[in-house]
Ligand SMILES: Cc1ncc(C[n+]2csc(CCOP(=O)(O)OP(=O)(O)O)c2C)c(N)n1
Ligand SMILES: [Mg+2]
């Protein structure tokens, strides 16, 4: 007898329609039925009328154990009546014996355990499996060809190179993908964006193999798998939209990122609908395929409650539970499927377990003892892995052999038949049933836990073995076995070359495959950019920032004003997506709560405590702000969903993600990197930036290096503006480049919270602001000794004050320059120098930096609220070298003035550095420097914050 999943009582089928009519029948001893048989029949819902004495059995609602049933009393009465009749007819001794027998049977009957898991069986019982709508035989042949090509691609690439690749992951997941491709994944049409499928990263060979069979990729592509730089181009190792912009949509291979992105993507799809920005014929589903080992990443499981909270029934995760990761078993001593089931059920997801294939159905049907399930529950994943690598005789002995009843159960099967009994994830029928239930499920996201075998079909070459993840080579014998197992039409004389195989165009398989994809709307994966350009505001529309301010303001305040203006802009306002991880009040953005509302799928079900205030906490179904709570990973996932909406949905959304700058790439750097790969657009604002500007907070908060992190991302333009007008110029230009001209780049801007009078924009500096450096304030022209001070962010004020001190006390004329982006200056200089190297006989090109500074006399000093490596990026191109001051070392909590002296980035430190640079060039005497150190009160023996 099989118990039912989901905590249902053992008597009633889910839905329970027959249950209302159940009757327990009492009969007398003159009949030959055994008590055991009668009870079993009753548990199975079968009614046997023996002596016409009917006792109604109450229905058991789904989800309730019989004992908890309101009508449990009637059960008591029924059983009591049976008991009394037995006593009367059989006598006390025989009744006791019969009851003991029953008690023994009860002990062996699996019951839903209290707690988060259900028995280790398929969630969908056989009786509820829908008929399979496809041609199983044709689909199997297509799948075999895809399997072969996926394997061949990796083996071929590694026969001549050492570029690597994975065979085993796709081998274990082929059925999971093929059932999706033939029956579920919908392609993109004019009024439907297509289902969004996150393919497991290292299963990529399978996706390429299918695209090849479909005719979308050529043999030369497969031939050059992982050899992208080969002549004619090749295929990238994993899903990378940056490298294959017409194919891949979603990067997934850094474990955990695909899952969290898919979660926030599903939520973002709801956001777009709620705000009326898309009109779809149907809602797309978001499918994410991931590994069981991948579930150990905090990004995978750390945000799943969002799915249930927001009722994301547009989201389906398929976890390929092949029980193995790279080194060995995921949970050798436990059961990963049960562990994950508990986690997801606890988080409010719909869980569908696909554990056993159809071969097992018959055994379950015939097992009256409950021992089959008991044995399955006893075994740990390490045992199951072993059953894959050992012959059937081992499974017979070790698994079935533990109980004589089980051995009997498989008497009719040969060892080979036992070995071949499928796991659920390899059985299209079971997978189809799970997918269908998942797409039809309402109100919750669904996770399908599909049990598979890693390296399925590789046999001796790696099936189920611990080394299988790394397997990239197969010898001829193994190739022949693979061919035989999947019946692939490759002849003996060429098999050693692992040739690719394409189905003939007029073959039934080819016709079937194309017809299925056509019926489902087109091929997948495919990335298409159809978003229209936006009427972005011109610089003149932001003119108020160019005038400066009379009162003191920070660049964060300038940002808030800028965002407010842009949100009201007719051309782009509605496309803006402000994203905040619970810091809106810190940044002064709380005014926006009321203005544009915070998105909530549920609206606002309560009266906010501050309802009577002007700027109350306003949640709304069509709210524009994504207030993510304290999750930088989740916020980045939203940034990426919004920033790729131009490609995913053809709707050019403009994310403005503002966060505590220290908790950017330092916290979730891999997601920042991925934003480049996925070609996300938008603006990142690292607020409370600057190791000394964010005073008081100390070591964990004071950021002095994320600008350097951001500089490493090829598609990112990092800026460190000092003034509101710089911010406005940069944002206006970014909007133009990304959303009018269609460049697939993103911006990072630091924002600081130091208040000062914002100056008006000097004439003609826009180009310099965008390129990274411009002269903000020249020094006095009547002094001969010359210095140049580069400042960025609020520390331009150290440079400005130093300019005064240098002129007044040391007769040095210092020009102050605003350095808005060291990375962009460096990239331009590198480009030029490289071109000159490769064109040695042509007139050399001059970088922007060289054009700007070549004729400037004197010395150059840079001061930054970031580590010295940030300005040092341009040192090689500075005439006579660059002396940098920066905030290397751990932060401290103290006042700005003390911090700046401590890190040696205050005006006095700038003066001393400029004088020293001049002395090194013999432009002044060293005694001047010594005097300045004394005059300016700097302790030459003070502690230096940099440790090693
Ligand atoms: C963040 C991260 N860490 C490590 C890896 C290296 N890696 C690639 S695949 C893999 C094992 C994956 O196991 P699982 O998720 O179970 O997938 P399977 O291949 O078994 O389907 C590892 C450790 C990675 N890609 N990303
Ligand atoms: Mg795995």
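Where a number appears in this text, it was derived from the coordinates with a stated rule and is not lab data. Everything numeric here is computed off the predicted structure, so don't read it as measured data. All Cβ positions, even for glycine, are placed from backbone atoms using ideal geometry, and neighbour counts span all protein chains on display.
Have a look at the DSSP beta bridges in the chain and tell me what percent are antiparallel, nearest 5.
20
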Problem set entry | Nearest-ten-degree value, helix 632-643 long axis tilted from longest Cα axis of the chain | 80
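From the square roots a ≥ b ≥ c of the eigenvalues of the alpha-carbon gyration tensor of the range 738-888, which class results: rounded (a/c under 1.5), prolate (a/b over b/c), or oblate? Display every interim value, and only then the final one.
Values: a/c = 1.82, a/b = 1.24, b/c = 1.47.
Verdict is oblate for the range 738-888.
Express the Stokes-Einstein translational diffusion coefficient of the range 750-837 in µm² s⁻¹, to the nearest whole number, given a Kirkwood radius over alpha-carbon pairs, 10 °C and a viscosity of 1.306 mPa s. Display every interim value, and only then the final one.
Details: Rh = 14.4 Å.
Answer from the Stokes-Einstein relation: 110 µm²/s.
When a/c reaches 1.5 or more, the comparison of a/b and b/c decides; with that in mind, is the range 464-586 rounded, prolate or oblate per its Cα gyration tensor?
Details: a/c = 4.68, a/b = 2.65, b/c = 1.77.
Because a/c hits 1.5 or more and a/b exceeds b/c, the range 464-586 counts as prolate.
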For this session: Please determine, in degrees from 0 to 90 and to the nearest 10, the orientation of helix 336-346 with respect to the longest principal axis defined by the Cα atoms of the chain, where the helix direction is its Cα long axis.
Result: 70
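Per the Kirkwood formula on distinct C-alpha pairs, the Rh of the range 357-421 is how many angstrom?
Values: mean 1/r = 0.0845 Å⁻¹.
Evaluated on the range 357-421, it is 11.8 Å.
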Exercise. Against the longest principal axis of the chain, how steep is helix 428-440, in degrees 0 to 90 to the nearest 10, with axes from Cα atoms?
Worked result: 60
For this session: Find the centroid of the Cα atoms in the range 473-499 and in the range 711-785, then give the distance between the two in whole Å.
Result: 61
Problem set entry | the chain - convex hull of alpha carbons, volume per residue in Å³ | 215
Exercise. Where in the range 644-658 does the amide nitrogen come within less than 17 Å of the point 7 Å from the Cα of residue 595, taken along Cα to Cβ?
Worked result: 654-658
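Mind checking the full-extension length gain between residue 495 and residue 621? Use 0.36 nm per residue of separation minus the Cα-Cα distance, one decimal, nm.
Working: separation 126, 0.36 × 126 = 45.36 nm, distance 5.97 nm.
Result for the pair: 39.4 nm of gain on full extension.
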Problem set entry | In nm, spacing of pseudo-spin labels at residue 162 and residue 83 (7 Å Cα→C-beta vector) | 7.5
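Which of the peptides 795-801, 434-440, 528-534, 738-744 is most tightly packed, and how do the rest follow, judged by the mean count of other Cβ atoms within 10 Å per residue?
Numbers: 795-801: 24.3, 434-440: 19.6, 528-534: 14.6, 738-744: 17.6.
Sorting 795-801, 434-440, 528-534, 738-744 by mean packing, highest first, produces 795-801, 434-440, 738-744, 528-534.
Looking at the square roots a ≥ b ≥ c of the eigenvalues of the Cα gyration tensor of the range 818-948, which shape do they give, rounded for a/c under 1.5, prolate if a/b is larger than b/c, or oblate? Mind dumping the intermediate values first?
Numbers: a/c = 3.06, a/b = 1.70, b/c = 1.80.
The shape class here is oblate.
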Seminar exercise, completed: Calculated from DSSP helices alone, with each H run of at least 4 adding -39500 (n - 2.57) and the total divided by the residues of the chain, [θ]222 nm to the nearest 500 comes to -12000 deg cm²/dmol
Problem set entry | Distance cut-off 22 Å, percentage of C-alpha pairs in the range 632-739 lying past it | 31
For this session: Please report, in Å, the Rg and the Dmax of the range 328-377, where both are computed over Cα atoms only.
Result: 13.5, 35
Problem set entry | Cα-Cα P(r), the range 322-474, percent of pairs per 10 Å interval | 10, 36, 37, 15, 2
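Report relative contact order for the chain in percent, whole number only (criteria: Cα-Cα under 8 Å, sequence separation at least 6). Don't jump to the answer; show the numbers that get you there.
Values: 1877 pairs, mean separation 93.6, N = 948.
With pairs under 8 Å counted, the relative contact order is 10 percent.
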Exercise. Listed highest first by mean packing, meaning other Cβ atoms within 10 Å per residue, what order do 423-430, 809-816 come in?
Worked result: 423-430, 809-816
Seminar exercise, completed: Across all Cα atoms of the range 870-930, Rg and the largest Cα-Cα distance (Dmax), in Å, are 13.5, 39
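Taking only C-alpha pairs under 8 Å that are 6+ residues apart, what is the relative contact order of the range 145-230 in percent?
Numbers: 75 pairs, mean separation 35.7, N = 86.
After rounding, I find 42 percent.
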For this session: Could you work out how far apart the two model spin labels at residue 530 and residue 837 are, taking each label as a point 7 Å from the Cα in the direction of the beta carbon, and quote it in nm?
Result: 4.4
Seminar exercise, completed: Descending packing, highest mean Cβ count within 10 Å first, for 390-399, 641-650 is 641-650, 390-399
Exercise. Between the range 352-409 and the range 573-595, what is the C-alpha centre distance in whole Å?
Worked result: 56
Exercise. Once the convex hull of the C-alpha atoms of the range 566-657 is built, how many Å³ does it hold per residue, rounded to a whole number?
Worked result: 101
